[in-house]
Amino acid sequence: ISLQMMKHAWDNYKRYAWGLNELKPISKQGHSSNLFGNIQGATIVDALDTLYIMEMKEEFKEAKEWVEQNLDFNVNAEISVFEVNIRFVGGLLSAYYLSGEEIFRKKAVELGEKLLPAFNTPTGIPWALLNIKSGIGRNWPWASGGSSILAEFGTLHLEFIHLSHLSGNPVFAEKVMNIRKVLNRLDKPEGLYPNYLNPSSGQWGQHHVSIGGLGDSFYEYLLKAWLMSGKTDEEGRKMYYDAVQAIETHLIRKSSGGLTYIAEWKGGLLEHKMGHLTCFAGGMFALGADGAPSDKTGRHIELGAEIARTCHESYDRTSLKLGPEAFRFDGGVEAIATRQNEKYYILRPEVIETYMYMWRLTHDPKYRQWGWEAVEALEKYCRVDGGYSGIRDVYSSRQSHDDVQQSFFLSETLKYLYLLFSEDDLLPFEHWVFNTEAHPLPILDKDDENKEETQK
């Protein structure tokens with residue numbers, strides 16, 4: 001079914017928005033997010049590996065031809081370094097590793113080079129926004145005192161290690177290893193990493209901590225850096241397990257109804273809310289269980305299962321059986337969004353991502369059952385004539401669509417659904433690590449590097 005869903009999403013994108021970033025499935029026209037500046041084709045690049053994995057060969061070929069002829073990075077516009085890295089660089093890298101087509105390697109390295117000026121700061125902590133023509137960077141005006149954001153500069157590692165690997169140019173790896181040096185030198189409040197870091201002073205901004213937006217993929221990339229290195233990156237491993245220890249102590253709580261959740265920390269005070277984005281953490285804890293200190297393996301799997309259950313409840317407690325953007329645990333409310341501006345669902349993948357990891361790591365059939373419930377809800381409420389649309393209020397039976405088919409719906413949501421219902425030997429975890437946009441990157445064995453040395 002996820003194959004048919006992909007076909008519906010792709011065919012309509014092709015029909016109404018080809019070459020543009022995203023599709024507006026109700027107005028049947030293109031949608032352009034300012035995250036990508038004037039770079040075009042986000043949906044195409046994000047979907048390449050999904051098309052390949054689902055064996056949609058004709059579509060993959062068209063997408064590849066578009067990349068060859070039309071993917072252009074010489075645009076005078078400001079882009080989000082983080083979004084362009086995870087969607088474009090990540091998408092091109094995966095397409096290359098899966099298909100072996102040289103064009104993808106070439107474009108990935110070319111784009112990587114365009115992102116390097118973002119690191120021209122006093123500390124080497126990159127700017128959030130970069131004009132890729134002028135090379136001038138700046139930070140989001142709303143971020144604490146001109147700070148860079150943990151999840152943004154902490155989510156470059158996997159892609160940049162691969163850029164060095166594929167280009168033979170060590171500069172990419174050096175840039176991301178330096179970010180770690182800066183973080184390791186700093187004092188962490190209670191062992192936690194605040195979401196804001198000033199790239200000029202090298203000091204933390206506000207002491208906000210979140211495993212959801214602004215923090216999320218930083219933690220994911222510590223674990224995955226270690227896995228991707230063939231478990232040789234000891235620094236990444238230690239940073240990850242120390243962080244999880246602090247998270248368990250300070251942020252993980254149980255509601256009176258017995259639901260485990262991850263709260264947000266604001267200068268020492270807990271806010272008892274959890275975002276949809278935070279739901280990825282169930283899969284992360286389970287994926288990291290195997291490498292955890294020996295007495296903790298069971299606890300990490302259990303944490304993964306508990307987060308998966310809480311996130312399933314956030315879906316189950318809505319009218320449409322799709323989860324809200326954020327949900328709360330206070331004043332007798334559990335796993336429910338209480339604010340209008342948190343009730344939307346934009347086709348996000350994190351809950352299905354966690355089901356996929358939990359399924360592969362435990363083979364408990366309930367995860368496929370829960371995934372199937374999500375498929376039914378997506379088909380019933382998000383599928384429209386012109387593709388798939390997000391929803392403004394998951395508690396309301398009066399449907400209101402937001403009219404955007406996000407590129408990550410094709411990259412992540414549909415890919416994780418496909419993997420949830422596939423055999424474990426499709427992109428097995430012992431050979432592949434998924435970037436935070438679900439782009440699979442191969443594990444770099446130490447043997448690979450020795451082989452390369454001898455080939456030189």
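The values are calculated or read from the model by the stated rules, or taken from the named source; none is laboratory data. All values derive from a computational prediction rather than experimental measurement. Neighbour counts run over all protein chains shown; Cβ positions are idealised from the backbone, glycine included. Just the protein is used for accessible areas: all its heavy atoms, side chains included, with ligands, DNA and RNA removed. Shrake-Rupley method; radii C 1.70, N 1.55, O 1.52, S 1.80 Å.
Things worth noting here:
- Of THR297, THR318, THR310, all but one fail to be farther than 26 Å from ASP187 by Cα, modelled with pLDDT of 95 or more and not in a helix (DSSP H, G or I); the exception is THR318.
- Scanning the stretch 1-39 for residues that are open to solvent by 50 Å² or more (accessible area, probe 1.4 Å), outside any helix (DSSP H, G or I), over 12 Å from SER407 (Cα atoms) and modelled with pLDDT under 95 returns ILE1, ASN38.
- Check on LYS415, open to solvent by less than 20 Å² (accessible area, probe 1.4 Å), at pLDDT 95 or above, basic (Lys, Arg) and outside any loop (DSSP other than H, G, I, E, B): yes
- Counted residues, the stretch 76-95 - those being in a helix (DSSP H, G or I) and acidic (Asp, Glu): 1
- Checklist (1) in a loop (DSSP other than H, G, I, E, B); (2) within 20 Å of the chain's Cα centre (by Cα) applied to GLY236, failing item: (1)
- Filtering the stretch 222-263 to residues that are of a type outside the set (Lys, Arg), open to solvent by 60 Å² or more (accessible area, probe 1.4 Å) and in contact with a strand residue (DSSP E or B) (Cβ under 9 Å, 6 or more places away or on another chain) leaves only SER256.
- Apart from one condition, PHE73 fits all of (1) on the phi < 0 side of the Ramachandran plot; (2) open to solvent by 10 Å² or more (accessible area, probe 1.4 Å); (3) in a loop (DSSP other than H, G, I, E, B); the exception is (2).
- Selected residue (criterion: nearest to the chain's Cα centre (by Cα)) from residues of the stretch 150-175 that are crowded, with 24+ Cβ neighbours inside 10 Å and not in a helix (DSSP H, G or I): THR155
- Among residues of the stretch 380-406 that are at pLDDT below 95, those with a Cβ under 9 angstrom from a residue that is part of a strand (DSSP E or B) and not basic (Lys, Arg), sequence gap 6+ or separate chain, pair up as GLN399/ILE391.
- Hits in the stretch 265-285 (condition: at pLDDT 95 or above and in contact with a His (Cβ under 7 Å, 6 or more places away or on another chain)): TRP265, LYS266, PHE285
- Residue list for the stretch 339-372, restricted to those being closer than 16 Å to GLU423 by Cβ, without any contact (Cβ under 8 Å) to a residue 60 or more places away in the chain and part of a helix (DSSP H, G or I): TYR367, ARG368, GLY371
- Checked against the criteria, GLY137 does not count as out of contact with any His (no Cβ under 7 Å at 6 or more places or on another chain), at pLDDT 95 or above and within 27 Å of HIS276 (Cα to Cα).
- For LEU98, the stated conditions hold: it is open to solvent by 30 Å² or more (accessible area, probe 1.4 Å), closer than 29 Å to GLU65 by Cα, hydrophobic (A, V, I, L, M, F, W, C) and not in a loop (DSSP other than H, G, I, E, B).
- Picking from residues in the stretch 40-70 that are within 30 Å of ARG138 (Cβ to Cβ) and of a type in the set (S, T, N, Q), the one that is surrounded by the fewest Cβ atoms within 10 Å (Cβ to Cβ) is ASN70.
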